[in-house]
Amino acid sequence: MNTSQGTAGGAPAPPDERTVLGEVAQMIAGVLDDDTGTDTDASADIGADIGMDTTLGDDLEMESIDLVALSARLEEWYGPRVNLAEYLAGLELDEIIELTVGRIVAHVRSALAEGS
Amino acid sequence: MARVMANGVDHHVQRLPAAGAGPHGADPPAVVLVHGAFIDSLASYYFTLGPEFAAAGCDAVMYDLRGHGRSARPERGYTVADFTADLAALLDALRLPGPVHLVGNSFGGTVALDFAVHHPERVAGLTVVESGPATREWAATMAAALRTATETLPEEEALNWFVEQYGTVSSTRRGDPRHDAHVRRLGRAAARLIRTTGIAREIHTGRALTDAQLAALRCPVLLINGQDGLVGAESDRLSALLPDCRVAVVPGHKHSVLVEAADQVSELALHFIAAAPRGTPSPDSAEGDPK
């Protein structure tokens, strides 16, 4: 199940892009699925349509509060090294609005590489 | 994500604990961040002040107000007094008896001021961004704005009205299509809230704060405003009333100064919190005597 989380004592190679993309896409689908309050009906198979160029805002219609939920899921899955809140706090608002899935994948991979 | 039941409402809470608290082992100060109404959520802090506060040694506590973000959306209970009661119950549930630092943006500042007046023993200091207290004048202004949104406009235009308000009055980024789309998404959440709850009928109908109540507020208060924001005149009046109050103005910014000038707001607030005389000392304050 958890293919990319570091194992205690070992120094595993950081996971490849495709693996992380698959995991992040699943988390995004979960966030959208959880958000019963929105008018959009996000189905579970949305994860399959998510690619590196998919934008969180324009393409997935994610609101900023959905990003908070995603951030919590990322930390839960990968551990505290992956800190989306801190990462996004360092970006300009325009960059956050235009955020792509690929940018999150790259952040996850670099954070995991730094920590290993 | 953490769910906390407070005052009968299921609240969404996010905490960013202090990173690298002081070596002397003192508890880091708790800073509770209260967001604005309608188009806002804790996300405005989670990607701005929250991480900066945590990095500076504060325990940043963020929550979605009832009806907002991912907190429950009850049909009733949207007066300022309800939000104050929610906050008191939330602090109890989180075992934060206080005194805590409160940061409130826009309507969140209105809640923070009301909370401080009614629970003075629980507040070490107040940072109020682009906001003012729930006075009678505030209620009249709010009522007029909401009448425009909910009575004189059809529902779909009410949504656009929020976008227009945000775009023209608040933001310095109007005209950027991607930004406008972002604001439209926020406006949709606001329209949903107004459609499904009594917030627009209730929010301005609670108890009003008097000048005497405000003049009795002992804790230090920092008012942070955008130079071209919405509350300049009210801030002057409020700062004259409050016994311990400073005003900081961020040049070139409007009502959404928190999100659009996050670094400056964060620096002002952290400096103020470190210098506040009461509450648990910040790790920074152990190193010297911040002025």
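Of note:
- Residue match in region A:18-36 (condition: modelled with pLDDT under 95, within 8 Å of another protein chain (Cβ to nearest Cβ) and in contact with a strand residue (DSSP E or B) (Cβ under 8 Å, 6 or more places away or on another chain)): no
- Some residue of region B:248-263 being modelled with pLDDT under 95, farther than 21 Å from residue B:40 by Cβ and hydrophobic (A, V, I, L, M, F, W, C): no
- Note on region B:254-274: among residues that are more than 12 Å from chain A (Cβ to nearest Cβ) and in a loop (DSSP other than H, G, I, E, B), the one that is nearest to residue B:42 (Cα to Cα) is B:255.
- Of the residues making up region A:82-102, just one is acidic (Asp, Glu), more than 9 Å from every other protein chain (Cβ to nearest Cβ) and either touching a Cys at 6+ places or on another chain (Cβ under 9 Å) or in a loop (DSSP other than H, G, I, E, B) (or both), namely A:92.
- Within region A:68-81, being touching a residue at least 40 places away in the same chain (Cβ under 8 Å) and not in a loop (DSSP other than H, G, I, E, B) holds for A:70, A:73, A:74, A:77, A:78.
- Restricting attention to region B:175-230, the residues that are closer than 28 Å to residue B:260 by Cα and within 14 Å of another protein chain (Cβ to nearest Cβ) add up to 20.
- Some residue of region B:34-43 being touching a strand residue (DSSP E or B) at 6+ places or on another chain (Cβ under 6 Å), more than 14 Å from chain A (Cβ to nearest Cβ) and either part of a loop (DSSP other than H, G, I, E, B) or on the phi > 0 side of the Ramachandran plot (or both): no
The values are calculated or read from the model by the stated rules, or taken from the named source; none is laboratory data. Every value quoted in this text rests on a predicted model; they were computed, and no experiment measured them. Don't worry about glycine lacking a Cβ; one is built from the backbone with ideal geometry, like all the others, and counts go over all protein chains shown.
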